[in-house]
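Notes for the one structure printed next.
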């Protein structure tokens, strides 16, 4: 999910840092709660760092950190010990610090005096804001920003900066009873024996001098803030999960919490909720990432997919623009909130991706099977048709029937599939492939788009569109299996290069081809065998690149690492083609890996073999929480349940294959159509209560090769 204007790989916070997230706002601090300004530390609002320094000193010394935790995604709690005024080693002063993010930052500080004597305290909060753009922070280019202007008022410290775009970004800091200076806030107090002192420090972001509609205040109860209300509502309507296996239960619950924290809201359309890609660098709408994450989280809330589709539809390309790579019908890769903001969910939209557009259509087709209201489906059909037109008029650049990409400028992404790092597309001997490039999984997504649009047309009684799209799908499938298959190797090429030569490296991408059903049935066993080989399956997940390939590196971003979302889609593809044991083995490996990450799967981890290391090795700069990593366990649970609704045929398939070690599974409050159902399963048996009227429960798995979308 590399951002368009970056020449560095996706990264995250420093080791041991604490991250809190709410909507597109987030804060990264040290374990103590202090923000030292190094690396990615800071508080961010609309892609601008509004706090770059936040250091609490008590009696001239830093706190001794004791514990830090995240009771919720948008809240952190820190406990530390303060130095007493007399310098005693065993200080009786304990500092409790609660941090909330949302429309700014609120820090509640309480100092408890456990001694029998009054405790005089000099409290100093050193604060600053460089007001740097998020990607200047990420790229280490914060010196590019204009020098902020500081002005200490009687009650507030204002920091303001004029950006080259003409927009002003700023922040105001305040706390009752504080003495304000350009360096920060100070308090001179005495805490009575066996008593405490408290204050609230508020940071209010300013855009062109105006604050947000619902900023934090010192007096407003936190449970009344919009962010907290949204999270309470989320917890109330997502499924309530109970699994005998405590790890599986915790992983699924954590996935739901993380997905809730990564939602972004459009103030102009309160009913639309989309999914941000992940913290810290991708707290924005990403076409591919948001679509795949919302697809994999359908059992949590299908409305995430609906909101993501509606938001992306509003940003669908309408003209040819070489700079942003916009083209008519194209779905954007990335939408940002930075200093060039002009849209409700973002400023500049960048369109340089080959896969978001077909995924838009296929996700819409999938939602129709989940009982999404016909009003939403009908409103999005014209956008689906424009997306199909993009595939045929702009995506297929040379008329050979395949979708290729090649950036038309010097600043866009070189590679425009999900492996979008500069070195992510290479031959078996390690050589880089040259554009234009036709990726195997992009052809699969295009196939799924045609199948999905055909099914939507069938439901609407539009036989002409149904037949046309079905024919295009059939033609593409035949051409794909001819051009991409490598008979000597027994797997599909990663891509075709500029000379239409197969890029012959062995990658996880072909698992996505299984997922959508474009692989001929006779080739599927060889693909499954290769994906489950020691070169590809680590025991924790599927490597992005085989360990016997020339560019393999287990500590690379896309050339040998393991990505949870990628592994989950591979497992889905294995299950689709009837490789039940293999799919179950992959799913179990990823759930085991999640346990070692505290129940929260990161964006990616290193591709070392499970036999070599007792625990999965973290990738040093992986995003967390991250949307499609959070959604991966939900998708794995779905395939182990073999839970497949199809309102277009009035059936619901439930044919569980839960490993014995997992015990029983129960999910209440699952939204299906307009009903809330309860799913129960154990081993190979399952039941559903509250089934929508007219929907037949089937205890057999959905046929693996029916030609339907995402079988």
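Just so you know, all these numbers are worked out from the coordinates, no wet-lab data involved. Here the structure is a predicted model, which means the values were calculated and not measured. Cβ atoms come from the backbone with ideal geometry, glycine included; neighbour counts cover every protein chain shown.
Dividing the summed -39500 (n - 2.57) terms of all DSSP H runs of n ≥ 4 by the residue count of the chain sets its mean residue ellipticity at 222 nm at -8500 deg cm²/dmol. All Cα-Cα separations within the stretch 18-227 were binned at 5 Å from zero, giving a P(r) of 1, 8, 16, 20, 20, 16, 11, 5, 3, 1, 0, 0, each value a whole percent of the pairs. For the stretch 572-667, dividing the convex hull volume of the Cα atoms by the residue count gives 134 Å³ per residue. Rounded to the nearest 10 degrees, the inclination of helix 627-641 to the longest alpha-carbon principal axis of the chain is 50 degrees.
Size descriptors for the stretch 73-165 (Cα atoms only): Rg and Dmax, in that order, 18.3, 57 Å.
Kindly rank 443-456, 364-377 from highest to lowest mean number of other beta carbons found within 10 Å of each residue. Let's see the in-between values first.
Details: 443-456: 27.8, 364-377: 19.4.
Ranked from most to least packed, the peptides come out as 443-456, 364-377.
Computed from Cα positions, the angle between helix 303-314 and the longest principal axis of the chain comes to roughly 90 degrees. Stokes-Einstein diffusion of the chain at 25 °C, 0.890 mPa s viscosity, Kirkwood radius from Cα pairs, rounded to a whole number: 93 µm²/s. Rounded, prolate or oblate: which fits the stretch 277-389 when a ≥ b ≥ c are the square roots of the eigenvalues of the alpha-carbon gyration tensor, with rounded for a/c under 1.5 and prolate only if a/b beats b/c? Since a/c reaches 1.5 but b/c is at least a/b, the shape of the stretch 277-389 is classed as oblate. Between the Cα long axis of helix 226-237 and the first principal axis of the chain there is an angle of about 40°, rounded to the nearest 10.
Working value for the stretch 191-233: equivalent-ellipsoid semi-axes of 27, 18, 6 Å, each the square root of 5 times a Cα gyration tensor eigenvalue, largest first. So if I take the centroid of the Cα atoms in the stretch 42-61 and the same for the stretch 248-263, what is the distance between those two points in Å? Comparing the Cα centres of the stretch 42-61 and the stretch 248-263, I get a distance of 28 Å.
Given the peptides 627-634, 667-674, arrange them by the average over their residues of other C-beta atoms within 10 Å, most packed first. Walk me through the numbers before you get to the answer.
Working: 627-634: 29.9, 667-674: 17.8.
The packing order, highest mean first, is 627-634, 667-674.
Taking the empirical scaling 2.2 N^0.38 Å for compact globular proteins as reference, the stretch 338-484 has a Cα radius of gyration ratio of 1.15.
Residues 202, 542, 189 in ascending order of nearby Cβ atoms (within 10 Å, fewest first): 189, 202, 542. In whole angstrom, how far apart do the alpha carbon centroids of the stretch 351-411 and the stretch 541-606 sit? Cα centroid of the stretch 351-411 versus Cα centroid of the stretch 541-606: 27 Å apart. By other beta-carbon atoms within 10 Å, ranking 237, 596, 512, 383 with the fewest at the front produces 237, 596, 383, 512. Specify the inter-centroid distance of the stretch 272-329 and the stretch 471-493, based on alpha-carbon positions, in whole Å. Answer, in whole Å: 29.
Taking other Cβ atoms within 10 Å as a rough exposure proxy, 88, 57 sort from fewest to most as 88, 57.
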